[in-house]
Amino acid sequence: MQQKKCNFCDERKSLMEVQTNRGVIPVCPSCLEKLQMQQAQMQEQIQEEASELQSFTPQQIKEKLDKVVIGQDHAKKVLATEIYKHYIRINNKEYLEQTGKKLRKANILLTGLSGTGKTLLAQTLAEIVGVPFSIGDATSLTEAGYVGDDVENVVHGLIRASGGNIEWAQKGIIYIDEIDKIAKKAQNVSITRDVSGEGVQQALLKLVEGHNVRVPVEGGRKHPGQPMLEVNTEDILFIAGGAFLGIEEIVAERLKDNETNRIGFSLSAHSHSKSTEQDQTKRLRENITLEDLKKFGMIPEFLGRFSVVSNLEPLEISDLVRILKESETSILNEYEVLFEIQGKSISFTEDAMQEIAKTAFDKGLGARGLRPIIEELMLDIVYEMPSSDQNNYEITADMVHGHSLRADPLEKQEIA
């Protein structure tokens, strides 16, 4: 019993410290019943929300993904199927426990060049099924992840996204970006220290597999006496994504040495194939396997926790144009709304969209390059528009082509 301040009535009197899904809070005896009722209501809400997760079939999930993410049909089919299986497993735990049958968690690894939609796919999945979502950056774990404790901070963002509701956070999705950056740098890694590679992978193993972990209430590094939250990661779905630049050479070498290659799929440097370099890259990345990822520097134990691998295709100019025209999250829709609110209109010609897409493609920026390119293109127009008598605006290819864009429109911008 301690003299503190009751979490409900603010009175200072003899209190009890009660463990809740928001951590330990002080409550006086007269308010204990209120707390219990509140906890029961929250649990009921969680169960209601969880029951809704079963209402989507894999086909329905993919249809919803199609409205936001253009292309990547195979990856969307894989993700839709796996997310369906994941929440079927969660919502039928009682049956599985009673029968002694197993449905194991299958975390997902996405490979794909920058701007192919890895983060957007993961985030949209969470929105579809209605669970908390957070993004962790593998590169931030490289600096202090060697000890192993700091990797648990990727869970802290999920707790924030759930409004501090631990039980709800434990059903969420965590996307770990740039996972390729923690690949081993060489086959013979020092057994004493590898903060940038194998050490971080090893530290992540228990977290992604499913264990009780202790997370600092305020995030950051652990230290003695710090208040902690206990989170079980068994039902948290981890999706990791990375570009894995250079893995094409590993795939090419494997396929070249494989006597069972498909007819006509020559990977020799002196190949007479008429395929463009982009077509070759696309073919190689479609064939990435767990063995290739292992040679790239991902340890077998880590890959074992990500049993589902899906390779995203490099985007072509036509794909980027479709993203501008068809995606519900297209930045062009945002500008239409912005102008509409002010009683004006804006349109982009077909040639203008082609030119914007070509610019993003030529700079190797993928879909994530579309927004900063358009934002920069529209800066002067939006700046002058509220003070102008002009009501109708049309963006043409000449305007795009004549605009002086920065060498790297992503510079100093954080793009999800």
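The values are calculated or read from the model by the stated rules, or taken from the named source; none is laboratory data. Source: prediction; values computed, not measured. Counting neighbours? That spans all protein chains shown, and the Cβs are built from the backbone with ideal geometry, glycine included.
Couple of notes before you dig in:
- Restricting attention to the stretch 354-365, the residues being of a type in the set (Gly, Ala, Ser) and at pLDDT below 90 number 1.
- Answer from Phe361, Phe302, Phe339 - the residue that is of a type in the set (Phe, Trp, Tyr), closer than 26 Å to Glu82 by Cα, touching a residue at least 24 places away in the same chain (Cβ under 8 Å) and assigned to a helix (DSSP H, G or I): Phe302
- The residue list Thr119, Thr139, Thr124 contains one member that is outside any loop (DSSP other than H, G, I, E, B), modelled with pLDDT under 85 and over 23 Å from Val217 (Cβ atoms), which is Thr139.
- Residue among Lys85, Lys101, Lys62 that alone is among the basic types (Lys, Arg) and without any contact (Cβ under 8 Å) to a residue 12 or more places away in the chain: Lys101
- Cross-chain or 6+ apart pairs with Cβ under 6 Å, the stretch 190-211 first and at negative phi and at pLDDT 85 or above, then part of a helix (DSSP H, G or I) and surrounded by fewer than 17 Cβ atoms within 10 Å (Cβ to Cβ): Leu205/Glu301
- Residues of the stretch 361-404 satisfying the condition of being touching a Pro at 6+ places or on another chain (Cβ under 6 Å) and of a type in the set (A, V, I, L, M, F, W, C): Ile373
- Of the criteria (1) among the aromatic types (Phe, Trp, Tyr); (2) at pLDDT below 75; (3) assigned by TED's automatic domain parsing to the domain that holds Lys184, which one Phe265 fails: (3)
- Residue selected from the stretch 106-116 under the condition assigned to a loop (DSSP other than H, G, I, E, B) and in contact with a strand residue (DSSP E or B) (Cβ under 8 Å, 6 or more places away or on another chain), by the criterion farthest from Ala169 (Cα to Cα): Gly112
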